[in-house]
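Here is the structure we will look at.
The values are calculated or read from the model by the stated rules, or taken from the named source; none is laboratory data. A quick note: this is a predicted structure, and the numbers were derived from the prediction, not measured. Quick reminder, even Gly has a Cβ in these numbers, built from the backbone with ideal geometry, and neighbours come from all protein chains shown.
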Amino acid sequence: MMRAWLLPLSLVLCGSVVAAGLASRGSSPGAVAVLLMFVLIAGVNSPLVFPRSIGAVEAQRLSAADGRPVVFWRPGCTYCLRLRFRLGRRARQLHWVDIWRDPAGAAAVRAANEGNETVPTVVVAGQPHVNPDPAWVREQIFRSA
C-alpha cells in the first residue's frame, strides 16, 4: 500500500523543501508556484488518477462474465498514465488491477511477460497485450459493450 504512495509523497516533500527555501529568500510567489507544480506532478503520479483497483481474481471473474478487458497497472508508470488519460471516461469501463497492491495481479503479469512486471498489460478474452495502443483498447471496450 505504502509503495504506491512513495513517489507522490516524495514529490510533495521535495516541493515543500524547495518552496521553503524560496520563501526564506523572500520569493513567496515563486515558492507558491513551485509547491503547486510539485503537488500537481504528485497528483498525476498518485493512485488517485486511476479508477478503483480490484484484485486480479475478481477482475478475471468479472471480465469472463461481462467481456470487458482487464488492465494491470502500477502507480508511477508513464505508459499506464498515457493509457489512462487517452481513454478518458471510458477507462472506468475497464477492470483495473494495481500489481503493487495485488500479488496475484503481479503474478499474472509476470506469467504473461516472461517473468517481467511490464505494465500496462491489458488482457482481452484471456489474451495479454503489453502496452497496447489506447485506440486499440477503446475499440475493445466498444466490442465488449
Practice item. Look through the stretch 1-35, keep the residues that are not charged (D, E, K, R) and not in a helix (DSSP H, G or I), and return whichever of them is modelled with the lowest pLDDT. Key: Met1
Exercise for review: Would you check which residues across the stretch 65-98 are part of a loop (DSSP other than H, G, I, E, B) and charged (D, E, K, R) and list them?
Suggested key: Arg68, Arg74
Point to revise | Total residues in the stretch 89-145, condition among the β-branched types (Val, Ile, Thr) and more than 17 Å from the chain's Cα centre (by Cα) | key: 2
Exercise for review: Considering each of Arg86, Arg82, Arg74, Arg90 in turn, give the residue that is under 25 Å from Ser144 (Cα atoms), modelled with pLDDT under 95 and either buried (at least 19 other Cβ atoms within 10 Å of the Cβ) or of a type in the set (Val, Ile, Thr) (or both).
Suggested key: Arg74
Check your understanding: Regarding Leu94, is this residue assigned by TED's automatic domain parsing to the domain that holds Gln60, hydrophobic (A, V, I, L, M, F, W, C), under 22 Å from Leu7 (Cβ atoms) and without any contact (Cβ under 8 Å) to a residue 60 or more places away in the chain?
Key -> no
Exercise for review: Go over the candidates Ala125, Ala33, Ala64, Ala106 one by one and state the one that is buried (at least 17 other Cβ atoms within 10 Å of the Cβ) and among the small types (Gly, Ala, Ser).
Suggested key: Ala106
Practice item. Would you mind stating whether Val109 is at negative phi, outside any strand (DSSP E or B) and in the same structural domain as Thr78 (by TED's automatic domain parsing)? Key: yes
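Using the structure shown, decide if Gly55 is in the same structural domain as Arg101 (by TED's automatic domain parsing), closer than 28 Å to Val17 by Cβ, of a type in the set (Gly, Ala, Ser) and surrounded by 14 or more Cβ atoms within 10 Å (Cβ to Cβ). So that I can check it myself, show each step before the final result.
Working: in the same structural domain as Arg101 (by TED's automatic domain parsing): yes; closer than 28 Å to Val17 by Cβ: no; of a type in the set (Gly, Ala, Ser): yes; surrounded by 14 or more Cβ atoms within 10 Å (Cβ to Cβ): yes.
Criteria not met by Gly55.
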Check your understanding: Conditions: (1) in contact with a His (Cβ under 9 Å, 6 or more places away or on another chain); (2) among the charged types (D, E, K, R); (3) at pLDDT below 95. Glu58 meets all but one. Number of the miss?
Key -> (3)
Practice item. Return the only residue of Ser46, Ser24 being of a type in the set (Gly, Ala, Ser) and surrounded by fewer than 14 Cβ atoms within 10 Å (Cβ to Cβ). Key: Ser24
